[in-house]
Amino acid sequence: SQPVLTWQKTYGGTGHEYAVKTIPMSDGGFVFVGHTESSDGDLPDNSGETDLWIARADAAGTLVWSYTYGGTLDDEGADVVQAADGTFFVAGWSDSDDGDVTGNHDEYSSDFWILHLNSSGLILNKQCFGGTYDDDAAAIDMTPDGHILVAGITYSYDGDVVGNHGSYETDVWIIKLDTALNLLSQKCVGGSDACLLYTSR
């Protein structure tokens, strides 16, 4: 039988919005992450060109909370996972080094940007990982022992990035973090030519 449309909603403001990843909640609602150019409508603020956007809706699709995070340059969300304690870990990338973003390894390039949010979407912790070239996170997950794995692409071969196989080419970059966002280990996967893992860039 054909699926029946229960409801449909639009979210956003007068600029462009992109939802990249949606995860279900136990109450029948959902959380989505992506990025926005707006600072009106459902968006409380926008610090720069694009901001990471994360929002939660209830089972009827009504927004429960909606937050934008970032600095004066481009900041985008790629993936989100919920921990057993109800908090959220978000992976994306940031070109900024101001506003909500600190520790970017180069003011003209992106870093992996990882955020730990409480169950209401507010920042508990945040950290940049990468080197002096572009590093874009695409996926995040939690291991059974409570560690965090983040995967994306890197052009860097310095800073946190060790073992890039190419020169000015991309490797897939995988990092392992604890829940305090300390870097435990990292690995570059690839060859001398570009390796791609889909990101929202």
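Below, the figures for the structure above:
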read-out	value
For the range 85-128: span of alpha carbons on each principal axis (Å, largest first)	35, 16, 11
Whole-number accessible area per residue in Å² for the chain, which is evaluated in the context of all protein chains at 1.4 Å	47
Cα-based convex hull volume of the chain per residue, rounded to whole Å³	137
Estimated FRET transfer efficiency when R0 is 30 angstrom, pair Q8-T179 (beta carbons, to 0.05)	0.25
Lysines with Cα under 24 Å of K126, excluding same-chain neighbours fewer than 8 positions away	K21, K176, K187
Shape of the range 29-94, Cα gyration tensor, a/c cut at 1.5	oblate
Length gained when the stretch D45-D98 is fully extended (0.36 nm per residue, less Cα-Cα span)	17.6 nm
q = 0.29, 0.31, 0.32 Å⁻¹, the range 1-41: log10 I(q)/I(0) [Debye, one scatterer per Cα]	-1.04, -1.07, -1.08
Carbon + sulfur, % of accessible area of the chain - ligands and nucleic acids excluded, 1.4 Å	51
Global form of the range 118-192, assessed from the alpha-carbon gyration tensor, a/c cut-off 1.5	prolate
Prolate/oblate/rounded call for the range 39-132, Cα gyration tensor, a/c under 1.5 rounded	oblate
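The values are calculated or read from the model by the stated rules, or taken from the named source; none is laboratory data. Keep in mind the model is a prediction, meaning the values are calculated, not measured. Cβ coordinates were reconstructed from backbone atoms using ideal geometry, including for glycine residues, and neighbour counts include every protein chain displayed. When the accessible area is computed, the model is the full protein with side chains, heavy atoms only, and any ligands, DNA or RNA have been set aside. Shrake-Rupley method; radii C 1.70, N 1.55, O 1.52, S 1.80 Å.
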